Amino acid sequence: MFAVPGAAEDYPADSSIDWQDWDSALFEESEARERPIFFYFHGQWCTWCRDFQDESLENPDVVESIERDYIPVLVDLDERADLFRRYGGRGLPFVVIVNHEDEMLTRFTGHVNPRDLQNILESQRDMFSVTGREITPDDAGIDDLDAFLEMLGEVYDERADRLSGSATFGTLSKRPQPWTYRFLLGQKEWEDRMPGLLDQIAEDLYDEVEGGFFFFHDPDQRDPVLALETSKRLDQNAAFMWLFADAYEALGDDHYVEIAQGIRDYFREQLWDQRQLRFGNSQYADRDYYQLDPETRRATDPPQVDRNTYADTSGQAIAALANLARVTKDEETLEWALEAMEALDRYLQTERGYLHGITAAGRPAMEGYLPSQIWPEIARQELARAVYALEGEQPELPDPVAALDRLEPFFDEALGAHAERVGTDLEPWSETRTQAALAWWLYRLEDEAIEASHIDRDTVRERLRIEPGADPDDVALGFDALHRGF
């Protein structure tokens, strides 16, 4: 095997900053030392994080300022997805500075150069973002299906075949929106637009050599090497697999099912651990590797895979595999998805619900995370649909009321919604993306099961609202459920 030189070590190896781990006692330390907390959210798989770390965070002047004036806290996005969302995280790298009362002083997303970062550290004020979004005080949130469709129509760029235009809602981020595309597949007025949108997103992000979708493509970046963020994530690829399987079912283009099957094969060859029967969560970015010609790539060790396993992202992968098996009548893919579901239950299911995840070494990680309760149940539903489609018999499922009852500790009366976390010192909060997934799960349940539980459908519907600056994917599953009659 060839080896690609300069393989990145996991941060914070060799960092000059004395990083701490997250702990609720940090706020007491912040008050006692009279220093704000500098949260840095990163992903080991992320190219931009490595660039930001090497060029800015480890700059000697920046290191001195952080060590002198701040309490530096390093947070892995995947391990603490709850904190990332709570502080408004959308992309990486992501920095948040708060005081001892957890009040926001500043936050930003993206690679900031050392001089600008130093200015931020000195000012400790004026929240800003470098995501390129244009939001005005007149922008209003969207909480109904018609307004959501109207906004998507406004940002549709026919010439570019992308959702990249500007609307009264604000300019969308450049991140791909696979759940939104899937929602639009079911909209009659988008029928003629969808082939162009699907073909463009595949051209931007699909890896024709090894399968799978890269994380991000910036069409405004002139350098094609810098335009592509070459990491591959389990959850995003699951969404794309589901999208292209449904596109094949709706539009009949064989190329779409080939893409979905290419993602499936990528999962099996790179992210699936055949010995432990579980999914890794991501594959690291590597610009040098993906610039190699196909023959050399196949003879070269691929980028490292993060072997941590998470209930929510694995649930998405299993659900997507089940959907693909149903659409293509593929018994082998169905058997694999069933095997993965059984193993996920064995690894992560407890009497109180699912753990968020386990590390590569088998250490359990975090209880009481709402997305980790919802996505395995969606996977179970999709597996049941696939079994029925292929075998003609409705499989026996666990009592859905019992699964819904496990969500009852998450319901917060003051919020009027299910909180994102329980069993934490943090103030309760809810996330639109999780509420949208909850709506999708509930949509496929019988009325009797919901009525026998603590859940009220109207309460869930009320949480389906997207604010200016948010991604359409945050709410697309929920509006899809509304469209289908939830």
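The values are calculated or read from the model by the stated rules, or taken from the named source; none is laboratory data. Everything quoted here is computed from the prediction, not taken from an experiment. Note that we place each Cβ from the backbone using ideal geometry, even for glycine, and neighbour counts take in every protein chain shown.
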Check your understanding: Is one or more of the residues making up region 185-193 in the same structural domain as Ile259 (by TED's automatic domain parsing), in a helix (DSSP H, G or I), surrounded by fewer than 16 Cβ atoms within 10 Å (Cβ to Cβ) and of a type in the set (D, E, K, R)?
Key -> yes
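Table: residues versus (1) of a type in the set (Phe, Trp, Tyr); (2) within 23 Å of Ala160 (Cβ to Cβ); (3) touching a helix residue (DSSP H, G or I) at 6+ places or on another chain (Cβ under 7 Å); (4) buried (at least 21 other Cβ atoms within 10 Å of the Cβ).
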position	(1), (2), (3), (4)
Tyr256	yes, yes, yes, yes
Ile259	no, yes, yes, yes
Ile263	no, no, yes, yes
Asp312	no, no, yes, yes
Gly315	no, no, yes, yes
Exercise for review: Scan region 134-156 residue by residue and report those that are modelled with pLDDT of 90 or more and over 19 Å from Lys174 (Cβ atoms).
Suggested key: Ile142, Asp143, Asp144, Leu145, Asp146, Ala147, Phe148, Leu149, Glu150
**Study point:** strands (runs of 3 or more DSSP E) contained in region 54-133 and holding at least 2 residues over 19 Å from Ile17 (Cβ atoms) and modelled with pLDDT under 95
**Key:** 104-109
Study note, to complete from the structure: Within region 201-216, residues assigned to a helix (DSSP H, G or I) and crowded, with 17+ Cβ neighbours inside 10 Å come out as Ile201, Ala202, Asp204, Leu205
Check your understanding: Within region 377-453, which helices (runs of 4 or more DSSP H) (wholly inside it) include 2 or more residues that are in contact (Cβ under 8 Å) with a residue 12 or more places away in the chain and under 29 Å from His100 (Cβ atoms)?
Key -> 432-443
Practice item. Please enumerate the residues belonging to region 171-196 that are without any contact (Cβ under 8 Å) to a residue 40 or more places away in the chain and hydrophobic (A, V, I, L, M, F, W, C). Key: Leu184, Trp190
Practice item. Identify the single condition in (1) touching a residue at least 60 places away in the same chain (Cβ under 8 Å); (2) assigned to a loop (DSSP other than H, G, I, E, B); (3) out of contact with any helix residue (DSSP H, G or I) (no Cβ under 6 Å at 6 or more places or on another chain) that Arg275 does not satisfy, given that it satisfies every other one. Key: (1)
Exercise for review: Determine, yes or no, whether Glu332 is without any contact (Cβ under 8 Å) to a residue 40 or more places away in the chain and of a type in the set (D, E, K, R).
Suggested key: yes
Check your understanding: Is one or more of the residues making up region 237-256 at pLDDT 95 or above and assigned to a loop (DSSP other than H, G, I, E, B)?
Key -> yes
Study note, to complete from the structure: Filter region 317-345 for residues that are part of a helix (DSSP H, G or I) and acidic (Asp, Glu); the one that is surrounded by the fewest Cβ atoms within 10 Å (Cβ to Cβ) is Glu332
Check your understanding: Going by the structure shown, is Ala13 at pLDDT below 95 and buried (at least 16 other Cβ atoms within 10 Å of the Cβ)?
Key -> no
Practice item. Report the residue count in region 325-383 for those that are under 23 Å from Pro428 (Cβ atoms), touching a helix residue (DSSP H, G or I) at 6+ places or on another chain (Cβ under 7 Å) and polar (S, T, N, Q). Key: 1
